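Some notes on the structure that comes next.
Only the coordinates and a few stated rules stand behind these numbers; no lab work does. Remember, it's a predicted structure, so these values are computed and weren't measured experimentally. Note that each Cβ is placed from the backbone with ideal geometry, even for glycine, and that neighbours are counted across all protein chains shown.
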Amino acid sequence: MGSAVKLTWSKAKLDSISDGMVKGLFKMGYDIANQARKNAPYVTGVLRNSIRVQESKNNSLEVIAGGSFGGRQVPYAWKREQGPNKNSATEHYMENAAKTIMAGDYIKKYFGGAIK
């Protein structure tokens, strides 16, 4: 006869972790969107107002700029992201927002509470 180690899943704990991860993902997405609004070039405010967080069909989250939003078309969001812009500090406003938010210990900040 051999020896064994029994591992048991705690459904309640796994559900808690899953909920915490989803909440952390949304918080991180909204923080990226807020930073992207600060980074985006400003002419009329339409581009900044088009930046939003959207849940996708495949259980993911997207931070989106431009497209059709609030009855307006913002077709230039990608061009402004890529540059060149009059103010080069506003180029890559979405990419730089993600880098800013994900700097440091973002795993602990957004997801650390989920695994306690």
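Listing for the model above:
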read-out: Correct choice for semi-axes √(5λ) of the Cα gyration tensor in Å that was computed from the model, options (i) 39, 16, 11; (ii) 21, 16, 14; (iii) 26, 23, 15; value: (i)
read-out: Nearest-0.05 FRET efficiency for V22 and N49, computed from C-beta distance (R0 41 Å); value: 0.95
read-out: Cα-based reach from K38 at 20 Å (exclusive), listing lysines while leaving out same-chain residues under 8 positions away; value: K27, K79, K86, K99
